[in-house]
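Input: a single structure, listed below in structure tokens.
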Amino acid sequence: MSSSLLHVISHTDLDGIAAAAVAWHRWRRERPLKVSLAGYGSVDGLILESIAAGQEFLVADLFCQDSRTVDALDRHYSEGEDPFVFDHHETTAARYGGRPWAVVDTAFCAAKVYYRWLVGRGDPGMERLSPLVELANDRDLWINENPDSRLWQALITLCGPYSLLARLAENPDPSLAPHERATGEDFVEKQEKRFALAVEKMGKGSGDLAFVEPGVLEFGDVSDFGGLVLDRMAEPPLLVAVAAKRFSGEWAVSLRSRSEMAGKVVGMLRDGKKVRGGGHDDSAALYFPPSYSPDQIWTTLQAAMRTIRDQERPTGVTLGDLFKTGGQNESGG
């Protein structure tokens, strides 16, 4: 990389913020940095703006939704240059894992993908960032070995992603100070009450889709709420969907599952224009236009799930049916 400005584009959760912090500590003494923490709905514009401005950029923990942006990345990349995309989502790996400008590994969180790439090429001063990267990896992959990862996510919800990035830019040690821990624990206690209300409003007869309308949960609640519903309920749904209205008027619908249903629904509904989205097989998001109502979103998700189940249902006569029929005929049945 040159000494010109580097635009770091990353996600707003703990993984994305940790990836941005790794980039900050790696490059801050060598070049000016611009950091944008964004969602899937904004990443295309940020990438294209960087290309148009002649800025070098680094994208971590999220990827563009429009194939035209990918075409622009193909044209922008020159053989032998460093990659500029570091991700871990299955959707990115499946579509773009072979691109020379992308490093994608679904076995780790994005912060760890970028960190391992830096360490692998011998970049200095990376070792002290290992505890932060492992904390993000614990949270993003739901390893659940470090309870502080939930407290960090609580602080992101309370303070906003840029405030936590400032904290990690000043001090990358993920050990929580007493006041940070107390604030995070207080938030988690209140969060559990919101979870109880969300389960109540979700209803016992939700079936395969548990849909939470806006105004019940807050930003940052979704991952833990999804784990509560999918892992602790006696008869969990196939998909948890939490709708939230963004300031732009657009709907952001966070999806969680345990059988790849979230990724399948995104793959079916995403068109890159009217409806955007992306993510993991079991952790993803869709963005609907402001003209949609919560009922229309619910109906659209239900229709997609019904179509997916119909497509996956075996059709016609199977080999087992033939053997079964043959056995009955031989016995005179």
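The values are calculated or read from the model by the stated rules, or taken from the named source; none is laboratory data. Keep in mind that what you see is a predicted model, and the values were worked out from it rather than measured. Using ideal geometry, Cβ is built from the backbone for each residue, glycine included, and neighbour counts are taken over all protein chains shown. To get the accessible areas, we keep the full protein, side chains included, count just its heavy atoms, and leave off ligands, DNA and RNA. Shrake-Rupley method; radii C 1.70, N 1.55, O 1.52, S 1.80 Å.
Overview of values
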| read-out | value |
| --- | --- |
| Cross-chain or 6+ apart pairs with Cβ under 7 Å, segment 38-54 first and assigned to a helix (DSSP H, G or I), then open to solvent by less than 70 Å² (accessible area, probe 1.4 Å) and acidic (Asp, Glu) | Gly41/Glu250; Asp44/Asp66 |
| Residues being open to solvent by 30 Å² or more (accessible area, probe 1.4 Å) and of a type in the set (Phe, Trp, Tyr) - total across segment 1-36 | 1 |
| Selection within segment 138-175 - part of a loop (DSSP other than H, G, I, E, B), open to solvent by less than 30 Å² (accessible area, probe 1.4 Å) and either in the same structural domain as Asp224 (by the TED database) or in contact (Cβ under 8 Å) with a residue 12 or more places away in the chain (or both) | Pro172, Pro174 |
| Residue match in segment 209-222 (condition: part of a helix (DSSP H, G or I), more than 15 Å from Trp152 (Cα to Cα), out of contact with any Cys (no Cβ under 8 Å at 6 or more places or on another chain) and not assigned by the TED database to the domain that holds Val133) | no |
| Qualifying residue in segment 217-226 (condition: within 27 Å of Ala60 (Cβ to Cβ), within 18 Å of the chain's Cα centre (by Cα) and open to solvent by 70 Å² or more (accessible area, probe 1.4 Å)) | yes |
| Filter result for the condition that a residue is touching a residue at least 24 places away in the same chain (Cβ under 8 Å), open to solvent by 20 Å² or more (accessible area, probe 1.4 Å) and either touching a Pro at 6+ places or on another chain (Cβ under 7 Å) or not aromatic (Phe, Trp, Tyr) (or both), over Arg121, Arg128 | Arg128 |
| Meets criteria (closer than 13 Å to Asp208 by Cα, modelled with pLDDT under 90 and touching a Lys or Arg at 6+ places or on another chain (Cβ under 9 Å)) for Leu238 | no |
